[in-house]
Every structure is written in C-alpha cells, then in structure tokens.
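Let me begin by presenting the structure, written as structure tokens, before commenting on it.
None of the figures in this text is laboratory data; all of them are computed from the coordinates on show. Since the model is a prediction, treat every value here as computed from it, not as a measurement. Neighbour counts run over all protein chains shown; Cβ positions are idealised from the backbone, glycine included.
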Amino acid sequence: MNRRNLIWIIVSFLLSVATIFYFVNYPGGKMAARLLNFETITKAYQQHILMVFVASAAAIIVSVSLGILITRPFFSKWASIVDNIVNIAQTIPSLAILALFFTYLGRGFSTAIFALWLYALLPILRNTSAGIQNISPGIIESARGMGMSNLHILTRIELPLALPVIMGGIRTSVVITVGAAALASFIGAGGLGDLIVTGLSVSRNTLVVAGGILSALLAIFLDQVLDLIEDSLRIR
Amino acid sequence: MKKSKILVLVISVFLLVGLVAGCSGQEASQSDQEGDTKGTVTVGSKEFTEQLVLGQMTLLALEDAGYEVVDNTGLQGSNVVRGALESGEIDMYWEYTGTGWISYLQNDEPLTDPQECFDAVKAADAENGLVWLDYAPLNNTYTVMMQQEKADALAIKSISDLADYSNQADHEEIVFATDHEFSIRDDGLVGVYEKYGFEFDEVATMDPGITYDALKNGEVQAAMGFATDGRIKSFNLVNLEDDKQFFPVYNAAPVIRQDTLDQSPEIADILAPIAEKLDDATMSNLNYLVDSEHKEPREVAETWLKDNGFIK
Amino acid sequence: MIKIKYENVVKQFPGSDHLAVDNLNMEVHEGEICILVGPSGCGKTTSMKMTNRIFEHTSGHIYIDGVDNRDINPIELRLGIGYVIQEIGLFPHMTIADNVATVLVEKKWPKNKIHQRVEEMLNLVGLDPEIYSKRRPSGLSGGQRQRVGVARALASDPPVMLMDEPFGAVDPITRARLQNEFLRLQEQMKKTIIFVTHDIDEAIKMGDRIAVMRYGQLVQYATPDDLLSMPANDFVSSLVGGNRSIKRLNLIKVEDIDLYRPPEVAEGDSKTKVVEAVAGDKLGVALVVDDRGKLVGTVTNTDLKRKGEYVKDIYAPAHDLVGPKSTLRDTLSIMLGYGEGYALAVDQEGKPRGAVSVDDIFSAVKDNE
C-alpha cells in the first residue's frame, strides 16, 4: 500500500469536509446560504459523484473493449478510423457536447452522463491501444510460440502489461470528467456546477469558490484512489 | 457598491461626451429644419430581436408620416444606446421601464406596478432632457410558463392558480426549470414562493436558453422564461399571469430627446397607438417570426404595421 | 530417424517482391542440433518460425514426425515445441516461477506438479529455486535470464526445440558457459533442436549439422567437420573464415583426446607424500581429491613452500576446470587466462580426468586434419 496515495486521499477528504463546514458557517450572505447548506451541498455532491461514476464506468467498459478490439490484427485497419472519431469527439468543447445532446436527449442526468461518457472515452481508448501496442513484440511472440491461445495472450500477457498505461488513461479521464461534470449544471443535471454557475450569475464568490474547491478536491481524491487501485492490481 | 461606482463613471463620461456632441447635434437639427419641413429623426435600438423589431417599427412609422429617418439600430448593450441618446447621437429608442429604473436611475428596489414604474422613470428622466412616451403593455420580464395544453387541462391561468394546484394533496408532480440566477435571487424563485405561498416539487437549474425546450419536451411541467420570447409562441407555451404583481415590470416605451419632441410633438401621437397594441403575445409572435421563421426584422415590422393599419 | 522435414518450403511475405525463404529442402534428424546460420536477412529465422507456424509458409510442406504441420492445430503444435527467442521474451510482470510454468499452465497441469516441475527445471539450469523463483526477470542478470528462457522452453519436456540466438545477449565468457551447460544438458535430453545463430563459431561448437543460408536459399547442409573441410562455395568459405585450424578447436572436445593424468593425493595425506608426487610429475603438479574422489585443488612447487603438515593445509583450490564436453578452444582460453601450460579436466561428478596441455592441443589439431 502506497503511503503517499493514502495521505493524499485522507488530506483531500478532510479538506473537503472542512470546506463544507467553513462555507456552511460563512456562506457570505443570505442568498449564497440558500445553496451553502449541508442538505444542498450533499445533494450536489451526490449528483456530481454519480455522474462521474456512471460516465467513467461506462467509458472504461467501452474504451477498454474498443482498445482491445482495435489492437487485434483482424481489426487493425479500423484502428485509425475509431481513433479519429474519438479524437474528433474530444475536440468538441464539452459544453458544446452537452448542448448537442440536450437537443436530442433533453435535459438532465442521462444527457449529462451520455455527454460526459463520450468525452471520457478518448484518454482511456488511446492509452489502452497504446499500452497494448507498446508491449515488446518479442514478448507476444514468445507467448504465441509457447502455445498460448489468443485469449490467454490477452488476459495473461497483454492486459497485465498494459495495465499501468490503461490506468493512467482512466485517471486522466476521471479527472477530466470531474471537471466537465460541473458544466452539466447548464442542462439541469445538478452537481457541484450548480454552486459555481449560480455563484457566477449572481456574483457570489463564496459559491464559486466552494464549488471550485470541492470539485478540485474530488478530482484529487479520485485520482489517488485510482492510483491505489492500480497498485493493488499490479502483481508484485 | 463597486459596480455602481463604475456605472456612475461610465455615465458621467457619456454625459460629458454627450454635452459636447449635443451642441453640434443641435446645430445639425437646426439646419435640417431649414431644409425640410418635418426634420430628420435618428432611431436607435439594442442588439436583440425584440429591439430590432421595435426600432424598425419606429423607423417605418415615422417615414410613413413624412420624416427623414436615420437607422442607427442594433447598438451593442443598454449603456451604449442610453449614452447615444443622452449625447444626441440618436434621437430616440425603445427602453424598458424596469431597466430605466434600476440601471440608469440607480434604484435598488424593483417596482412591480407598470404605471407606478413608468411614472417614476418619466418623472426622473425629465430632468435629463428625456421623455418617456406612452408605454406598451408588453412586459419583457421574468415569466412562469407552462405548456398551453397542460395549463388548459388543469385550468391554470395565473401563478395563483398554479400555487393552488400545487398545494392540492393529489396534484401531479410539477418540476420547474429555471436558470441559476432566478433560482437563488430574492426577487426570483424565493420571492415567488413567498408571495404566492407554494413550492414546486422539484427545481431543475439550467442554462436560461434551454428552459423553453425542456418545457416544450415535457421534461419539466413549468419553467421560467422571458415574457416576450419568440419561443413561447412557437413552442405553444403560455405565460401564467403574475396576478399578484410580483415580478418587476419591464414595459417597453419609446424614449425620446426633449428637444426632438419639441420640434416634432407629432411623434408622440404617431407612436402611442402602436405602443398600445403591443402586448406580450403580439411581441412574442413578432420575435418568433424573426427567430424561428428567419424573417428580417424590417419585414416583420412592416407587415405588422400594415396589417394593423398604422402605415399604408 | 528424421524428425523434421522441410519439403520445397517457400515463404514470401505480403507486400514483398522477393522470397524470404526460397525452396528449402532439409531434413533434421532426431536428437540432433541443427544450426541455421547465415547473414541477417538470409531466411534462417523465418525458416525456424515456420516450423511452429509463427509464420505460415507460402508453399511447400513441413513435416514433424511425418505429419504436415498444417494439419496440426497451431496451439497444439506449439505446446509440443520448446521455444526460445532472441532477447528471450520473458514476461516481465510474472515471477521466474510463473515464467517457467507458462507452458505447463497452458497444458493445464495440476498446481503441485507444476511447482515441483518448476523447481526441477530451475535446478537443471543452475538457478536456486529458493532464491530465484519469486523474483522477476528484471531482478536477474542477462545470463540468468537466458537460463530461465531455456528452463521455460524445456519445462514440458518437448521433443523438439526452436532456439533463436538464445545466448545472443550476453558477454562472451557467460555465453561460452551457457553453451557448455546446454551441450551437457543436450547430452542427456537428446532433443531435436533447430538453433538459429549468425555466429559461425557458435554454429561449429553447438551443431551436429549446420545449414548455411543466404538469400533465402540453403547453400550447404553438412556436419561442422565437413563444412570446415569441404565448404561448398566461396560464400561458405568466407563465412567459415580464415583461421580454420582455430575454428577446428571448436570441434574437438576434451573427451575426444587422450589425457595425461598427473598423480593424485588425498586431502589428508602428509606433506612428504605430496613433495614426492610433485617432484615426479612432468607437469610438476599433484591433484588433490576429497574423500569422495572429487577434485578440490592442486599442489605445485609454489604451494610446497607453505607451512603445514598435511596436504589440506597447503593446496591451492581448483578453479576453471574443463569438462569432457568442453571444446579445445575453451580449454585453450582457460590456459591462456591462467598462464599455466595446462588445464585440468573433470568428469560430470567432478572427479579428475586428467590434464590438457598445449602440446595435446597442437597434436589433436594436427591429427584431426
């Protein structure tokens, strides 16, 4: 168990709690207090985490599968096409993606999840395919030469070896998603973005700062948790 | 505090510029008078659809009455237009009573009675050499909207009706779409709750541009919007009457320089019947024609003026 | 007995306009090491990799035990063929034990049997399982990694092995040691081995038969002796190179020559006895053996100057011995390394076989020609 991760996890957690307590006690005015109370913050937090969790989980499943698929010799000609599509998706600003999906899927949670999911795909997909492609061909060849089936080469050689790279992609993606989820507030999906956007619209800095700090701490927290998971997944 | 200081500074600068420009403006209009019987009127407007339509209406009506007109519509931002009026760069434009009251006259408490607000700004601006002509019923303020069909089915016409319905034990869930600002302000949702004595079952906060879509698609049952937005008509939505006059009023009225009016007092009589005809639904429809049917503001204004017999 | 047979084998890679392997016809006998040698790009590695269908040949047939290898499921085929490639291809995320167990796991051996077998294999290649089985490849030296590669390929006791420069990535001294150990193993295992190298010295030392390849074609297929004495053409001559007598040293093993036996003394013998023995020996050395007959050291005139009543007090410990399978070339390097006029040979149990002197080497080369 990595001590540095653990310290960050504990520190970011405690800082989040402290932030909440501070702003609930010093909301900076009656108006800001309408959002800076335990009930509202807890709800925003829950919505935020749920969005990040569902979007990231879906992105991991799809991107890792896709990444595996496009590294199979059979599908290799699709690799650049898939890569390009996902690349283009990434270049669209996240707010535009949200707006786009709002038009077709309506407001709220599921739209936000879908948009965040799309946005979260690329780092994981790219790292999965890169992680697998960068394995020394000699290793794969010697596995094949010893009679390993393709499935075993994937599960016993390629995935374990690519795991650190894949996890790197997942971490990047989750951190991006925590940030992008704040924008989901624009389409009525709630989350910590409610604090930030409302604060901006009525010039109440406590709201903006509270929302910003909490989502930043959430990103740090999740990043470190994932790092810890990566460590424990890696066979020592 | 800081903001209002900046505002004062900006306005002072405009006034100063206006003073200098005003002199030359007067000279210009004097010389105009010599060459032409009815003189030249420069009409301005802000940059959004409704303002462009109102500006074109004014231009068309004055032209029809035999004035030389200069089109200076589409200026960016309220302060720029107001500054242009004060400096004499433009002679008139349409302003909202609430905007005049809060932004230009620096009042903090909004007024919710149309006549009271109009009288207040008219009186105050008289000292600035500006005249507020008769205001239109169109009130571009916050509104609470529902789908027309739904409102009819539940026999809801006003916010009071909605409050009564929401307070029934077995009512259908009402989710309210609002932008972030309205959701938290005293004179927004919080005030509505207090004034009308009810609460929505759930509030969904979102970008102001998409509350209309959310309501149209039935994802929410009520939404805030701006009363004369074109989408209200095109999405088949309805404004619930603010029967307790909670929302600050933003009636549109032509504001004209005193000197221009002195030279052509007839202008007031030309615009009065037009203003009288412009209510929320009418304006919403005109906005809709521009925004959704992609017609030119001038074309829309001309058609409407002709249909109502204001011009030939 | 013919174990592997290449019949009109052609390989053309997609998108390439020349043949990587051009009509290869070759028979590999059971229990022999067949060396494929030639410059890079000559088709030697391709030929080897077609054997277990890592590459599929374009036309022709490859028979293993008379069965066309295309009629065998590739997985089955490969499970029956040991495989060691350049840079070894150890799996960096697995322990040494897991690496060695790879094929056994694929063959679904029971766990305890695998464990036992892995220990056996590590011992076989001279790695203490206690120390190494839980380590990862990154924690091993180059030579140790090569040993693991060999252990892994041998684990399921496949009758056929394919080896692509298995001792390529280590220094010459380690390489020579690994080669010797491998030959010693092969002595007992009698595997049929296809062994790729670009090093003609290694080919001559290791091979029972050598296939020289160039431009995808088999230039000459002969025993090392024939290759040296009767090169098929100029290319083979130049490949074999000038110092053929020195190369021949690689062909002659210690066991092939008559060894002179210096006198032996036991550890417990008195100094007087050993003084006599040394004095009476033509090389001026007496061999010291322990009670099980293993060679533990030597006594020369220098050692006799030391104080002590018994042999065990004065003898110099034995170092860098040669075995029966050591080539005369290795023996010569050891001699030169120590500046002695002889090297000591022991058998597999470590019992003294005798001494090889420079004169012995000279006469052996002469006789052989």
Under the Karplus relation with 6.51, -1.76 and 1.60 and θ = phi - 60°, whole-Hz ³J(HN,Hα) for the stretch C:147-157, x at Gly and Pro, equal 5, 4, x, 5, 4, 5, 5, 8, 3, 8, 6
Rounded to the nearest 500, what is the 222 nm mean residue ellipticity of chain B from helices alone, with -39500 (n - 2.57) per DSSP H run of 4+ residues and division by all residues?
-> -14500 deg cm²/dmol
Taking R0 as 51 Å and r as the Cβ-Cβ distance between B:Glu173 and B:Gln258, the FRET efficiency 1/(1 + (r/R0)^6), rounded to the nearest 0.05, comes to 0.40
Using alpha carbons only, how many degrees (0 to 90, rounded to 10) separate the axis of helix C:111-124 from the longest principal axis of chain C?
-> 50 degrees
Before anything else, pin down the relative contact order of the stretch B:142-240: Cα pairs under 8 Å, at least 6 apart, normalised by residue count, whole percent.
-> 45 percent
Max mean-square fluctuation residue, GNM over chain C, Cα-Cα springs under 10 Å, options C:Asn180, C:Asn301, C:Asn25 | C:Asn301
Amide H of C:Ile85: which non-local residues (sequence gap of 5 or more, or other chain) have their own amide H closer than 5 Å, using H built in the peptide plane?
-> C:Asp164
Within chain A: Cβ-based charge dipole about Cα centre, in debye rounded to nearest 20 (Lys, Arg +1; Asp, Glu -1) = 100 debye
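Provide the packing ranking of A:82-94, C:344-356, C:95-107, A:11-23, i.e. peptides ordered by the mean count of other C-beta atoms within 10 Å per residue, highest first. Each step should come with its number before you reach the end.
Details: A:82-94: 14.2, C:344-356: 18.5, C:95-107: 21.7, A:11-23: 15.9.
Packing proxy ranking, top to bottom: C:95-107, C:344-356, A:11-23, A:82-94.
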Packing-ranked peptide list from C:14-22, A:191-199, highest mean Cβ count within 10 angstrom first, is A:191-199, C:14-22
Rounded to whole Hz, the Karplus (6.51, -1.76, 1.60) HN-Hα couplings of the stretch B:116-123, x for glycine and proline | 4, 5, 4, 4, 5, 5, 4, 5
Could the peptides A:166-174, C:273-281, B:99-107 be put in order, highest first, of the mean number of other beta-carbon atoms found within 10 Å of their residues?
-> A:166-174, B:99-107, C:273-281
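Report the antiparallel proportion of the DSSP beta bridges in the protein assembly as shown as a percent, rounded to a multiple of 5.
On the way: 51 of 86 bridges.
Expressed as a percentage, antiparallel bridges in the protein assembly as shown total about 60.
Determine the shielding of peptide A:135-142 by partner chains: average, over its residues, the number of Cβ atoms on other chains within 10 angstrom of each Cβ. Let's see the in-between values first.
Working: counts 2, 3, 2, 7, 8, 1, 7, 16.
Neighbouring Cβ atoms belonging to other protein chains average 6 per residue here.
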Using modelled backbone amide H atoms (1.01 Å from N, in-plane), which distant-in-sequence or interchain residues come within less than 5 Å of C:Lys3's amide H?
-> C:Val28, C:His29, C:Glu30
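When only Cα pairs under 8 Å and 6 or more residues apart are kept, what is the percent relative contact order across the stretch C:255-368?
Numbers: 188 pairs, mean separation 28.0, N = 114.
Result for the stretch C:255-368 is 25 percent.
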Max mean-square fluctuation residue, GNM over chain A, Cα-Cα springs under 10 Å, options A:Ala44, A:Ala219, A:Ala143 = A:Ala143
Using a 10 Å cut-off on Cβ to Cβ distances, tally the other chain neighbours for every residue of B:180-188 and report the average as a whole number.
-> 6
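To the nearest 0.05, what FRET efficiency results for A:Ile7 and A:Ser80 with a Förster distance of 60 Å applied to their C-beta separation?
Working: r = 42 Å, r/R0 = 0.70.
In this case the efficiency is close to 0.90.
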Helix A:76-91: angle to the longest alpha-carbon principal axis of chain A, degrees 0 to 90, nearest 10?
-> 10 degrees
Neighbour net charge for A:Ala89 - beta-carbon separation under 14 angstrom, K R +1, D E -1 | 0
Given backbone amide H placed at 1.01 Å from N, residues whose amide H is under 5 Å from that of B:Val70, ignoring those fewer than 5 places away on the same chain, are B:Val41, B:Thr42, B:Val43
Counting Lys and Arg as +1 and Asp and Glu as -1 over every other residue whose Cβ sits under 13 Å from the Cβ of B:Lys312, the net charge comes to -3
In nm, to one decimal, how far is the modelled label at C:Asp225 from the one at B:Gln106, with both set 7 Å along Cα→Cβ?
-> 11.7 nm
Within 10 Å of each Cβ in peptide A:189-202, how many partner chain Cβ atoms are there on average? Round it to a whole number, please.
-> 4
Rel. contact order, % - alpha carbon contacts under 8 angstrom, at least six apart, chain C | 16 percent
Candidate lysines - alpha carbon under 18 Å from B:Lys306, same-chain residues fewer than 8 apart omitted = B:Lys277, B:Lys295
What list of ³J(HN,Hα) couplings, whole Hz, do you get for the stretch C:42-47 from phi and the Karplus terms 6.51, -1.76, 1.60, once you set θ to phi - 60° and write x for glycine and proline?
-> 7, x, 5, 5, 4, 4
Provide the FRET efficiency to the nearest 0.05 for the C:Val365-C:Glu76 pair, computing r from the beta carbons and using R0 = 41 Å.
-> 0.30
Positive-end residue of C:Thr192, C:Val358, C:Val105, charge dipole of chain C with Cβ unit charges | C:Val105
Rounded to 10°, Cα long-axis angle of helix C:172-189 versus longest principal axis of chain C | 80 degrees
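Per DSSP H run of at least 4 residues, take -39500 (n - 2.57); add these up for chain C, divide by its residues and hand me the 222 nm value, nearest 500 deg cm²/dmol. Don't jump to the answer; show the numbers that get you there.
Details: 16 runs with 138 residues, N = 369.
After summing the helix terms and dividing by residue count, I get -10500 deg cm²/dmol.
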For the stretch C:255-368, treating each Cα as an identical point scatterer without solvent, what Debye log10 I(q)/I(0) comes out at q = 0.13 1/Å?
-> -0.47
